[in-house]
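Notes for the one structure printed next.
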Amino acid sequence: MNIVVLRLGHRPERDQRVTTHVGLTARALGASGMLLASDDRGVINSINEVTRRWGGDFFARSVDSWKQEVRQWQESGGNVVHLTMYGQNLPGVLDEISGTESVMVVVGAEKVPPDIYQVADWNVAVGSQPHSEIASLAVFLDRLHATRGTDPLTQAFQGGTLKIIPSVRGKIVKEV
Ligand SMILES: C[S@@+](CC[C@H](N)C(=O)[O-])C[C@H]1O[C@@H](n2cnc3c(N)ncnc32)[C@H](O)[C@@H]1O
């Protein structure tokens, strides 16, 4: 399954840490890239630097027009899931979504443009309570993979210069 995350509403002066964590969470949980609907080289560079050091082929890039990205994605057969606490609760739509092959997952910051509710194929709540874009993305991706019988926690990240050797105690990192 091809999964790309679209981050809307990023404010460079306030959201750098959260947006970086959205990207790192997407990468760690099996997405192939993150599109940022804002011009913030710092965030893009720090996510891409993690990929360079830790491997895999995750990409992060800024986009000029989120609407154009969504339109192109849908025209090429992909589906769009907008994560919002106001949407249909995830357990009720998970089977339907997991039957698709290309999913763009949209997460907002404080506010999202109202049009996204109309163009999304699904507006999905990860529980109908307010929480966070990082948490909602993580739970959504984990449940999506579990429903499809895949496990992003055991994925191999090829290349890179650093590898963690899991250990009972302490920190073991190998340079390769
Ligand atoms: C600070 S929240 C803003 C809450 C927003 N009013 C909303 O529509 O969900 C930022 C982002 O977190 C995500 N989010 C927060 N709570 C969520 C929930 N219960 N289910 C799905 N996504 C959620 C949404 O992507 C939202 O755009």
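Data table
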{"quantity": "Relative contact order (%) - region 35-138, alpha-carbon pairs under 8 angstrom, separation at least six", "calculated": "29 percent"}
{"quantity": "Aspartates and glutamates with Cα under 16 Å of Lys163, excluding same-chain neighbours fewer than 8 positions away", "calculated": "Glu49, Asp57, Glu175"}
{"quantity": "Percent antiparallel among DSSP beta bridges (both partners in region 2-175, rounded to 5)", "calculated": "10 percent"}
{"quantity": "Helical segments meeting 20 Å axial Cα length and Kyte-Doolittle 0.0 threshold in the chain (DSSP H)", "calculated": "133-148"}
{"quantity": "Within the chain: Cβ-based charge dipole about Cα centre, in debye rounded to nearest 20 (Lys, Arg +1; Asp, Glu -1)", "calculated": "740 debye"}
{"quantity": "Counted charge near Leu90, where neighbours are those whose Cβ lies closer than 13 Å (Asp, Glu -1; Lys, Arg +1)", "calculated": "-2"}
{"quantity": "Shape of the chain, Cα gyration tensor, a/c cut at 1.5", "calculated": "prolate"}
{"quantity": "Region 1-91 - percent relative contact order, Cα under 8 Å, separation 6 or more", "calculated": "26 percent"}
{"quantity": "Surface accessible to a 1.4 Å probe, per residue, for the residues of the chain, Å²", "calculated": "54 Å²"}
{"quantity": "Antiparallel DSSP beta bridges within region 81-176, as percent of all bridges there, nearest 5", "calculated": "30 percent"}
{"quantity": "Theoretical ellipticity at 222 nm over the chain - DSSP helices of four or more residues, -39500 (n - 2.57) apiece, nearest 500", "calculated": "-11500 deg cm²/dmol"}
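The values are calculated or read from the model by the stated rules, or taken from the named source; none is laboratory data. On a predicted model such as this, the values are computed, not experimentally measured, just so you know. Positions of Cβ are backbone-derived with ideal geometry, glycine not excepted, and every protein chain shown enters the neighbour counts. Surface accessibility is based on the protein's heavy atoms, side chains included, excluding ligands, DNA and RNA. Shrake-Rupley method; radii C 1.70, N 1.55, O 1.52, S 1.80 Å.
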